[in-house]
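The numbers here are math on the coordinates, done by the rules we state, and not lab data. None of these values were measured; they are calculated from a predicted model. Because the Cβ atoms are built from the backbone with ideal geometry, glycine has one as well, and the counts that use them run over all protein chains shown.
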């Protein structure tokens, strides 16, 4: 075959849910270095070689919703994939600025959605942990640790929410 | 006047853009054009706003052509009213500002 395959590489990396902005920054730094995100998986990122800075990457927690991905494709974005509730998009930088949120209200709604997910998973783990503890099953400790961690994450998201709300008091 | 809450800038421009039926991308372009490039609606923000506005009955989804995935929206009578109320509110803000800070008449 004469067709040249695009060079690819896989990077394994872990980000905490509340560090989603850090994750997005890292993905954009990779794109700046000539590695565009092409596939996502659990703690797994597949990049393909691109012109440095050719793509802008965005991610968001969003329920499964085909009409939303259609909507983004309509504006020229490519849907890369989904990991649990997180969806990843990229768009060619030459099409201009690419953002998912442009006002405080929608940023707050996004954070509140993340907070609800963390709370739901956290409480479920707490419940399982407590039930196991009463049943004398030591495995429940894992759930309690997990619940504590998720509650910590909830605190971090809450901090971000409060900061946005304070900014909104005077300006939109 | 009524005690309705002020519209956000995004809401105001989305409604204004929908004075003529538009699809999502059209709304973004129209808003940017109307505001002289100042207001750029992001996709997620616009999508969320469109669904809240549909729930409120300010806009409605037009029946799409078969095979087309592009959704077109249009303003409803209620949406037009919300827009007009906001315009009155904005006029009041501008009038008071000019009265106190001096508009074109005084210097």
Sites residue A:79 and residue B:100, calculated FRET efficiency, Cβ-Cβ separation with R0 35 Å, nearest 0.05: 0.10
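Let me know the mean shielding of A:58-68 by other chains, meaning the per-residue number of their Cβ atoms within 10 Å of its Cβ.
On the way: counts 3, 0, 2, 0, 3, 0, 0, 2, 1, 4, 5.
Whole-number average of other-chain Cβ neighbours for A:58-68 is 2.
Beyond 28 Å, what share of the Cα-Cα pairs of the protein assembly as shown remains, rounded to the nearest whole percent?
On the way: 19720 of 38781 pairs.
Value for the protein assembly as shown (Cα pairs over 28 Å): 51 percent.
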Efficiency of FRET between residue B:87 and residue A:14 - r from beta-carbon atoms, R0 51 angstrom, step 0.05: 0.50
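For segment A:104-170, what ratio Rg/Rh do Cα atoms give with a Kirkwood hydrodynamic radius?
Result: Rg/Rh = 1.19.
Using a 10 Å cut-off on Cβ to Cβ distances, tally the other chain neighbours for every residue of A:107-114 and report the average as a whole number. Can you show the working numbers first?
Details: counts 3, 0, 4, 3, 0, 0, 0, 0.
For peptide A:107-114, the averaged partner shielding equals 1.
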Longest to shortest principal axis, alpha-carbon extents of segment B:1-56, angstrom: 31, 23, 21
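Under the Kirkwood approximation for Rh and a Cα-based Rg, what ratio Rg/Rh is obtained for chain B? All intermediate terms of the calculation are to be shown ahead of the outcome.
Working: Rg = 16.1 Å, Rh = 15.1 Å.
Using Cα coordinates only, the ratio equals 1.06.
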Taking all pairs of distinct alpha-carbon atoms in segment A:1-150, Kirkwood radius in angstrom: 17.5 Å
Spatial separation of Cα centroids for segment A:1-55 and segment A:95-146, in angstrom: 26 Å
If the convex hull is drawn through the Cα atoms of segment A:96-142, its volume per residue in Å³: 70 Å³
Nearest-0.05 FRET efficiency for residue A:135 and residue B:56, computed from C-beta distance (R0 35 Å): 0.10
Pairs of alpha carbons in segment A:8-95 whose separation is greater than 20 Å (percent): 29 percent
